[in-house]
Amino acid sequence: MESKYIQKIRQKVKFFLFTVLFAGIPASVFAQIPAPDQSRPILLRGATIHTQTGPTIENGMILMENGKISAIGNDLEVPENAIVKDLDGKHIYPALIHGRNLMGLTEIGQVQVTSDFSELGTINPNVRAETAYHSASTQIGVAAASGIGVTVTTPSGGLISGLSAAMFTDGWTWDQMILKAPVGLIVNWPNILNNKNLSEQLKELQEAFDKARRYHHVRNASNDHPIDVRWEAMRSVFDRELPIFIQANEISQIQAAISWAEKENIRMVLTGARDAGYIAEQLAEKNIPVMVGGVIGGPARQWEYYGEAYSVPAKLYRAGVNFFIAGDMGAASAYRLPHHAAAAVAFGLPENEAIKAITLYAAQILGLDEYMGSIDPGKDASIIVTNGNPLEFSTQVEKMYLQGREIDLNSKHQQLFEKYQIKQEQMR
């Protein structure tokens with residue numbers, strides 16, 4: 001059996017060959033060119049502005065200055081040096097937020113060295129997703145072209161996977177692309193129905209939290225205590241400043257996780273939540289926020305209604321649960337986020353609630369609402385301009401601004417579309 005040292009050498013060689021192989025590909029094949037900081041005021045006028053927190057403004061105007069929304073309305077004063085753009089017939093929405101994704105942590109599933117979303121071992125609270133974020137991933141541009149301004153890049157694997165980070169879908173380097181880090185601590189709850197090692201995993205999880213809590217108390221008592229990077233990463237959890245995102249799908253998993261979170265006195269956000277519709281009233285009563293991990297999917301059991309997954313958001317809405325829609329975990333499928341929200345509309349979720357589920361509500365639960373999620377003066381100028389409702393398949397995202405920077409919406413999908421469009425023309 002090869003040693004870990006030999007395995008690492010092999011991985012480095014594979015990575016070298018991978019980079020050499022792709023070095024000769026033209027730059028136009030890769031991601032969009034990052035935009036510079038906003039240098040002049042930008043005034044957009046003539047569009048319908050969907051604020052998400054107030055009334056829709058017909059034939060509205062929005063002024064963006066220094067990366068912020070400075071004013072919205074129907075009759076704004078135009079600064080002398082402003083860039084004015086007429087958007088008659090267009091629509092303006094907040095940039096979409098994907099709440100849980102492997103964006104920037106994986107590129108090609110069958111090429112191991114392009115994936116860095118999990119670590120060895122089961123307890124890794126000190127893992128920070130943003131430091132592994134690959135800013136030149138071609139999947140980032142695809143997500144941006146679909147209106148996604150921020151993805152919460154999330155580590156996976158083990159019991160405690162690490163800390164997630166809210167990352168912009170534009171930027172030169174990972175540190176420039178951070179909106180907020182960390183967003184939350186990721187915990188994968190053991191499967192109560194199928195896991196043969198359930199008791200051992202629950203014991204390991206509890207021991208990790210017990211050690212981290214003791215460490216937290218000691219550090220509060222004395223700053224001279226030696227720092228342990230694993231437990232240091234969890235201190236804000238015990239102060240209830242940082243939420244724990246607990247991945248659980250089965251009813252029994254969810255209920256066990258809720259009981260444990262109450263005992264530990266920590267802020268819990270339920271993620272995945274496939275069976276959340278069955279216990280929506282309990283979630284509402286206990287005020288447990290829910291991140292619906294995906295709407296488009298078949299039933300998990302033979303006896304279930306074929307649209308069970310599609311109807312979860314509507315059930316949560318009717319019960320009064322605070323929730324949002326996150327969509328697919330895979331980075332290559334992040335662009336489908338508005339499709340998940342649209343599918344929920346087809347199964348009973350009001351249309352305006354579906355849009356809020358990928359903008360305003362996502363920002364609120366993820367702790368990003370001070371920056372984005374709605375179009376309000378003082379918030380970041382992170383918006384999209386569309387030719388219709390973003391939930392409609394036919395709608396195109398024509399412009400995106402992130403903190404006032406107009407983003408290049410070129411993407412691998414767009415380039416392939418243009419390529420094969422030329423092919424069809426040549427074959428006529």
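In what sequence, highest mean first, do 91-101, 125-135 appear when ranked by Cβ atoms within 10 angstrom?
The packing order, highest mean first, is 91-101, 125-135.
Dipole of the chain (Lys/Arg Cβ +1, Asp/Glu Cβ -1, origin at the Cα centre): which of Gly367, Met64, Thr131 lies farthest to the positive side?
With unit charges placed on the Cβ atoms, the residue in question is Thr131.
Can you give the FRET efficiency for Glu200 and Val229, using 1/(1 + (r/R0)^6), R0 = 22 Å, r = Cβ-Cβ distance, to the nearest 0.05?
Between Glu200 and Val229 the formula returns 0.35.
Defining a contact as two alpha carbons under 8 Å apart and six or more residues distant in sequence, what relative contact order in percent does the chain show?
For the chain, the relative contact order is 19 percent.
As I understand it, the dipole of the stretch 96-371 uses +1 on the Cβ of Lys and Arg and -1 on the Cβ of Asp and Glu, about the Cα centre. Which of Val150, Gly104, Gly277 lies farthest toward its positive end?
Gly277
Kindly rank 63-70, 266-273 from highest to lowest mean number of other beta carbons found within 10 Å of each residue.
For the peptides 63-70, 266-273, the packing ranking is 266-273, 63-70.
Starting from the eigenvalues of the Cα gyration tensor, five times each then square-rooted, give me the equivalent ellipsoid semi-axes of the chain, largest first, whole Å.
Here the semi-axes work out to 36, 27, 23 Å.
Which residues' amide hydrogens lie under 5 Å from the amide hydrogen of Glu398, considering only partners 5 or more residues apart or on another chain, with H built in the peptide plane?
Val385, Thr386, Asn387
Using amide H atoms built in the peptide plane, which far-off residues or other-chain residues are under 5 Å from Val127 H to H?
Leu163
On the Cα set of the stretch 250-400, report Rg and Dmax in Å, please.
Rg and Dmax of the stretch 250-400, Cα atoms, are 15.9, 50 Å.
Extending each Cα 7 Å along its Cβ direction at His217 and Arg40, get the distance between those two points in nm, one decimal.
Each label point lies 7 Å from its Cα, and together they span 6.2 nm.
Could you tell me which of the pairs Lys180/Lys379; Lys180/Lys203; Lys379/Lys412; Lys180/Lys211; Lys286/Lys356 are separated by over 24 angstrom between their Cα atoms in the structure shown?
Lys180/Lys203; Lys379/Lys412; Lys180/Lys211
What list of ³J(HN,Hα) couplings, whole Hz, do you get for the stretch 199-204 from phi and the Karplus terms 6.51, -1.76, 1.60, once you set θ to phi - 60° and write x for glycine and proline?
4, 5, 5, 5, 5, 5
In whole Hz, with x marking every Gly and Pro, tabulate ³J(HN,Hα) for the stretch 412-419 from phi via Karplus 6.51 cos²θ - 1.76 cosθ + 1.60, θ = phi - 60°.
For the stretch 412-419, the Karplus curve yields 4, 4, 5, 5, 5, 4, 5, 4 Hz.
May I ask what percent, to the nearest 5, of DSSP beta bridges between residues of the chain are antiparallel?
About 55 percent, rounded to the nearest 5.
Mind pulling the angle between the C-alpha long axis of helix 337-346 and the longest principal axis of the chain? Nearest 10 degrees, somewhere in 0 to 90.
That helix lies at roughly 90 degrees to the long axis.
Report, in degrees rounded to the nearest 10, the 0 to 90 angle that the Cα long axis of helix 4-23 makes with the longest principal axis of the chain.
Roughly 10 degrees, rounded to the nearest 10.
Under the rule of at least 5 residues apart or a separate chain, name every residue whose amide H is placed under 5 Å from the amide H of Thr51.
Sorted by chain and number, the residues that satisfy this are Ile57.
Under the rule a/c < 1.5 gives rounded, and otherwise a/b versus b/c splits prolate from oblate, where does the stretch 161-304 land using the Cα gyration tensor?
oblate
Order these peptides, 368-377, 229-238, 416-425, 72-81, by their mean beta-carbon neighbour count within 10 angstrom, highest first.
Listed from highest to lowest mean packing, they are 368-377, 229-238, 72-81, 416-425.
Counting Lys and Arg as +1 and Asp and Glu as -1, each charge on the Cβ, what is the dipole of the stretch 138-294 about the Cα centre in debye, to the nearest 20?
Value, rounded to 20: 120 debye.
All of the numbers you see were taken from the coordinates with simple rules; none came from a lab. As the structure is a prediction and not an experimental result, all values here were calculated from the model. Counting neighbours? That spans all protein chains shown, and the Cβs are built from the backbone with ideal geometry, glycine included.
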